[in-house]
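First up is the structure itself, then whatever we jot down about it.
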Amino acid sequence: MDFPPVMPPITLLQWSPGARQAPTVRVGIILARDQYHRLRIDVVGPDSHPLDADGKTIPVAGPLDISSSGNGLQVQSGRSTWETPSLSIAPSRPADLEPTVIVRDVPAGRGFHWQKTLDVALPGAVEVLPKPSGLLVVNVLPIEAYLVGVITAEMSGECPLEFLKAQCIVARSWLLAHTEPKHEQDPYERCNDDCCQRYQGVGALSDAARIATADTRGLALLTADGTVLDANYSKSCGGVSELPEHVWGWPKPGVTSVVDAPSGCGAEAFLPVTDRNLGSFLDEPAASPRQWFCGLSDIDHEAVGRYLGRVDEPDDYFRWSLAVERTVLERNIRDKVPEAATLTAMTDLIVRRRGVSGRITQMSLEWRDGDNVSRTIDLPSEYQIREVLHPKFLYSSAFTHTVERASDGAITRLTLRGAGWGHGVGLCQIGALAMAIQGASADRICRHYFPAGRLEHVY
Ligand SMILES: [Zn+2]
Ligand SMILES: [Zn+2]
C-alpha cells in the first residue's frame, strides 16, 4: 500500500502558491524594542515542557521567571535556577489551538494612542532568545492557528461570522503575499502588532472565529496573473479607500480605491476626494442618505464596543475633530522631529499632496527656532503626519485644519476635522462589519473591497 510522502513543514518565507501546503509562521511576541530584561511565562499545556539550548527538560514548579544573564538566560521556576543560551517550550504532540504557555504583560498597540499590555496564551512552540537590547519571545505555529488569533485580535471574535471569514481571507492573503519588507533582520517573519497584524494568541477565541478560519482554510485573494493579492486592511477608510502608492510609494497589483457605500447611492461623487469636494466629504454625517458602510449609523454604540475587541475603544472614527494647543503641538514636533529640536513657534502647516481618500500624503511645517530664524521641514508620508501632529498617533491624515495665531504669527491652536482611522488601503474593517451585519456574505465583502481580486484555494 502506498502512502503519500510526508512533506516537511515549510516556513512563510519558503512558501509560494505552487507549494500547495500551509506554511508555519514565526511571530515576534516580545520584541527587542520592548527592552524587556525580565519576563514571566506560565507553562499551561499538559504535555508542554521547557527545553534548554541542549534539549534538556527544565522541570516546571510554578511560573518561569526569565531574565537576561550575560549572553544567555537565567530561568527560575520554584526554588530552582538554570542558566541557558536559549529556551524553547513546545507541546509533545502536534500543535493545535490549545495554549502551550501564557506570556505576561505583552505590549499591544506599541507607540499608538491605544497602547496597553495583555497576558497572551500561545499555542504551538515558543522560543525565548536573548538579545543585547532585551529578551525576544517568538511563537512558531501553523498559519491557520495563527489566523484564528489574528481575526480575534484585529476585531473581536464576537463579530458576525461573515465578517470574520472576510477578515480571515484578507489577513491570509496579506500574509501569503509577503511583499512588504518587514523584520528581515529579526528571527521572526511577522510581529504581533499593528506594524504587521495584531495577534494576541488564542486566549479569547470564539466559536465563530474557529468556524470562520476552518470554513475558509487555504482561501486567498489572487490577482489577474495568479499571484496572491497583497490585501491590506485598516480600521476605517472614512468613506473612500486609499491607494497603496499614496501610502507606501508603490502600487500593488489588484488593489484599487473604492467608495465604501452601496452602489447607486451617490457616494461615487467623492471618488476621488479632492480639494474641491473635501469640505462636503468631511461634512457627510455618519447617518447620511449615502449609507456609508463605515458610518455605522444603524449600529448602537455598545455593540460597536463589543465588536472592536480588547484593545480599541469605541469612538467616532468616521468623522472626528481634534484641537491641539500650542504647548502640546510644539512639544510633539520637538520630540518627534530631531531637526526641530530648537523650535520655539510653529508658523504654518502647508498641505502639499493628498491621496484619493482625502489623506494628506505630504505636508510641510514652517517654524521658527530660538534665534527667530524661519525654517521648514517636510513630512513625506501619511504615517509621519499622523505621528508628528499627535502626542501618540493621529487617527488618520484625511483632515482639514484651521489655526489661531498670536500677534507674532505663532500658531496658538490647531484644529483638525478628519475622517477615518488608519492608512485606509484595502478592506475597511468597520465598513466590512456593517456589511456583514446587513447580511452580506464574506465573498461579497471581499469583492466590494477588492473588485480586481478573485478567491481561490491555494492549499
Ligand atoms: Zn511587524
Ligand atoms: Zn470604510
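So if I check each of Ser396, Ser441, Ser374, Ser357, which one is without any contact (Cβ under 8 Å) to a residue 60 or more places away in the chain and among the small types (Gly, Ala, Ser)? Write out each step before concluding.
Values: Ser396 fails: without any contact (Cβ under 8 Å) to a residue 60 or more places away in the chain; Ser441 fails: without any contact (Cβ under 8 Å) to a residue 60 or more places away in the chain; Ser357 fails: without any contact (Cβ under 8 Å) to a residue 60 or more places away in the chain.
Answer to the check: Ser374.
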Find the residue count for the range 49-75, including only residues that are assigned to a loop (DSSP other than H, G, I, E, B) and more than 20 Å from Leu136 (Cβ to Cβ). 5
Failed item in (1) modelled with pLDDT of 90 or more; (2) within 30 Å of Leu322 (Cα to Cα); (3) among the small types (Gly, Ala, Ser), with Ser77 passing the rest: (2)
Report yes if some residue within the range 218-228 is touching a Phe, Trp or Tyr at 6+ places or on another chain (Cβ under 6 Å) and either closer than 23 Å to Val27 by Cβ or of a type in the set (Ser, Thr, Tyr) (or both); otherwise report no. yes
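Based on this model, can you work out whether Val27 counts as modelled with pLDDT of 90 or more, part of a strand (DSSP E or B), of a type outside the set (Gly, Ala, Ser) and under 30 Å from Asp225 (Cβ atoms)? Can you show your working first?
Values: modelled with pLDDT of 90 or more: yes; part of a strand (DSSP E or B): yes; of a type outside the set (Gly, Ala, Ser): yes; under 30 Å from Asp225 (Cβ atoms): yes.
Answer is yes for this residue.
The rows are residues; the columns are (1) more than 16 Å from ligand 1 (Cβ to nearest atom); (2) farther than 30 Å from Lys165 by Cβ; (3) at pLDDT below 95; (4) among the small types (Gly, Ala, Ser).
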site	(1), (2), (3), (4)
Phe393	no, no, yes, no
Arg405	yes, yes, no, no
Gln438	yes, no, yes, no
Ala442	yes, no, no, yes
Output for the range 122-160, where each listed residue is of a type in the set (Ser, Thr, Tyr) and more than 21 Å from Val43 (Cβ to Cβ): Ser133, Thr152, Ser156
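Could you tell me which of the residues Pro314, Pro272 is modelled with pLDDT under 95, outside any helix (DSSP H, G or I) and more than 19 Å from Ile445 (Cα to Cα)?
Values: Pro272 fails: modelled with pLDDT under 95.
Of Pro314, Pro272, the one residue that is modelled with pLDDT under 95, outside any helix (DSSP H, G or I) and more than 19 Å from Ile445 (Cα to Cα) is Pro314.
Does the range 199-217 contain at least one residue that is surrounded by fewer than 22 Cβ atoms within 10 Å (Cβ to Cβ) and either in a strand (DSSP E or B) or of a type in the set (Asp, Glu) (or both)? Walk me through how you get there before you give the answer.
The initial filter retains those residues of the range 199-217 that are surrounded by fewer than 22 Cβ atoms within 10 Å (Cβ to Cβ), namely 203-208, 210-211, 214-215, 217.
When the remaining residues are screened for being either in a strand (DSSP E or B) or of a type in the set (Asp, Glu) (or both), the result is 207, 215.
Yes, the range 199-217 contains at least one residue that is surrounded by fewer than 22 Cβ atoms within 10 Å (Cβ to Cβ) and either in a strand (DSSP E or B) or of a type in the set (Asp, Glu) (or both).
Does Tyr188 count as assigned to a loop (DSSP other than H, G, I, E, B), within 16 Å of ligand 1 (Cβ to nearest atom) and crowded, with 18+ Cβ neighbours inside 10 Å? So that I can check it myself, show each step before the final result.
On the way: assigned to a loop (DSSP other than H, G, I, E, B): yes; within 16 Å of ligand 1 (Cβ to nearest atom): yes; crowded, with 18+ Cβ neighbours inside 10 Å: yes.
So Tyr188 passes the test.
Mind checking which residues of the range 206-255 are among the β-branched types (Val, Ile, Thr) and within 16 Å of ligand 1 (Cβ to nearest atom)?
Once the filter is applied, which keeps residues that are among the β-branched types (Val, Ile, Thr) and within 16 Å of ligand 1 (Cβ to nearest atom), the range 206-255 yields only Val247.
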So the strands (runs of 3 or more DSSP E) completely within the range 348-459 holding 1 or more residues that are under 30 Å from Ala224 (Cα atoms) and among the charged types (D, E, K, R) are 454-457
Looking only at the range 414-435, and only at residues there that are in contact with a Leu (Cβ under 8 Å, 6 or more places away or on another chain) and modelled with pLDDT of 95 or more, the one that is farthest from ligand 2 (Cβ to nearest atom): Leu414
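For the range 437-457, give me the residue count where each residue is on the phi > 0 side of the Ramachandran plot and surrounded by 15 or more Cβ atoms within 10 Å (Cβ to Cβ). Please lay out each step first, then the result.
Of the range 437-457, the ones on the phi > 0 side of the Ramachandran plot are 439.
Filter once more, so that each one left must be surrounded by 15 or more Cβ atoms within 10 Å (Cβ to Cβ): none.
Number satisfying all stated conditions: 0.
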Whichever residue in the range 283-310 is touching a Ser or Thr at 6+ places or on another chain (Cβ under 6 Å), in a loop (DSSP other than H, G, I, E, B) and closer than 17 Å to Met435 by Cβ and, among such residues, is farthest from ligand 1 (Cβ to nearest atom): Ala287
Residue list for the range 17-26, filter: more than 21 Å from Ala125 (Cβ to Cβ) and touching a helix residue (DSSP H, G or I) at 6+ places or on another chain (Cβ under 9 Å): Pro17
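If a residue counts only when it is within 20 Å of the chain's Cα centre (by Cα), which strands (runs of 3 or more DSSP E) contained entirely in the range 76-149 have at least 1 such residues?
Working: elements: 80-84, 87-91, 101-108, 116-122, 125-131, 134-142.
Ranges flagged: 101-108, 116-122, 134-142.
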Residue count for the range 162-177, restricted to those that are more than 16 Å from ligand 2 (Cβ to nearest atom) and in contact with an Asp or Glu (Cβ under 8 Å, 6 or more places away or on another chain): 5
Can you find even one residue in the range 273-280 that is loosely packed, with under 15 Cβ neighbours inside 10 Å, farther than 30 Å from Gln115 by Cβ and aliphatic (A, V, I, L, M)? no
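Kindly evaluate Lys116 against the criterion of being surrounded by fewer than 22 Cβ atoms within 10 Å (Cβ to Cβ) and closer than 26 Å to Tyr395 by Cα. Before you say what the answer is, go through the steps one by one.
Numbers: surrounded by fewer than 22 Cβ atoms within 10 Å (Cβ to Cβ): yes; closer than 26 Å to Tyr395 by Cα: yes.
Yes.
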Go through the range 152-171 and report how many residues are touching a Gly at 6+ places or on another chain (Cβ under 9 Å) and either farther than 16 Å from Ser441 by Cβ or of a type in the set (S, T, N, Q) (or both). 7
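The values are calculated or read from the model by the stated rules, or taken from the named source; none is laboratory data. This is a predicted model, so every value here is computed, not measured. Please note: Cβ atoms are built from the backbone with ideal geometry, for glycine as well, and neighbour counts cover all protein chains shown.
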